[in-house]
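S.K.: Please read through the structure below; I'll follow up with questions.
The values are calculated or read from the model by the stated rules, or taken from the named source; none is laboratory data. Bear in mind the structure is a predicted one, so any value in this text is a computation, not a measurement. Cβ placement follows ideal geometry from the backbone for every residue including glycine, while neighbour counts extend to all protein chains displayed. What goes into the accessible areas is simple: the full protein's heavy atoms, side chains included, and nothing from ligands, DNA or RNA. Shrake-Rupley method; radii C 1.70, N 1.55, O 1.52, S 1.80 Å.
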Amino acid sequence: GTLLLYTLKRLKWNTTIMNKYKYTQSWFINSEINRTMKNFYDKTNENRILEIGCFEGLSSVFFADNFIDHVNSTLTCVDPFLTIPSNDHQKYSLNNAELNFDHNLSVCKNIEKITIHKTTSDSFFKTNTNTYNFIYVDGCHETDFIKRDLENSFNVLEKNGILWMDDYLGGDGIQIKNTMDAFLHKYKDQYDLIHIGYQLAIRRR
């Protein structure tokens, strides 16, 4: 029934990725958010999505193509690309990540509803005055950055909004998991855990 229909739609969108978008890394195609976000969000609703960390833009166009059809929906993309020395995707610099991002955003649906900030998340949050009902955090994997991104994101997450975090079980060692666990413990009475695996997601109470 519903699960089969969703699976067929996801497979169709994944085919669209291969035919329409430019990318060198296929991480997002196999991600848990790609497989399960439609269990939590309806594209017909008014969705205000914030994405911290975009890389080549596959996640960005996923949100744009599937979740911001409502006339008042928006997508805000934040990524400094390779302008900071500690960027943990530095080794992919020769793969033209920013050029692929620019191309992919230019050919996706709902481009008029997308705002792009090519800056660090720290700089973005210093001037941001908006709130969001879905935030996807896949930014710099350095511990200090993760901590600030989660804190800043939670501060602008609306009631019943979802904070979705990538790489909960990723990276070298357990530094990322420990940092996210500390965040979860600090706010333990303010959210419900809705997904846990390689990625992690909570819904604000």
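S.K.: Can you give me the long-range amide H partners of G161? Hydrogens built in the peptide plane at 1.01 Å from N, cutoff under 5 Å, separation of 5 or more residues or another chain.
M.R.: R204
S.K.: Can you give me the P(r) profile for region 159-205? Cα pairs, bins 5 angstrom wide beginning at 0, each as a whole percent.
M.R.: 6, 23, 32, 24, 11, 4, 1
S.K.: List every residue whose amide H lies under 5 Å from the amide H of T74, counting only residues 5 or more places away in sequence or on a different chain, with H placed 1.01 Å from N in the peptide plane.
M.R.: Close amide H contacts, sequence-distant or interchain: N47, R48, I49.
S.K.: How big is D, in µm² s⁻¹, for region 113-177 by Stokes-Einstein at 4 °C and 1.567 mPa s if Rh is the Kirkwood radius over C-alpha pairs?
M.R.: 102 µm²/s
S.K.: Summarise the accessible area of region 119-205 (1.4 Å probe, protein heavy atoms) by the percent that is carbon and sulfur.
M.R.: Solvent-exposed carbon and sulfur of region 119-205 make up 47 percent of the total.
S.K.: Rounded to the nearest 0.05, what FRET efficiency do L82 and E151 have when you use their Cβ-Cβ distance and R0 = 41 Å?
M.R.: Computed FRET efficiency for L82 and E151 comes out at 0.95.
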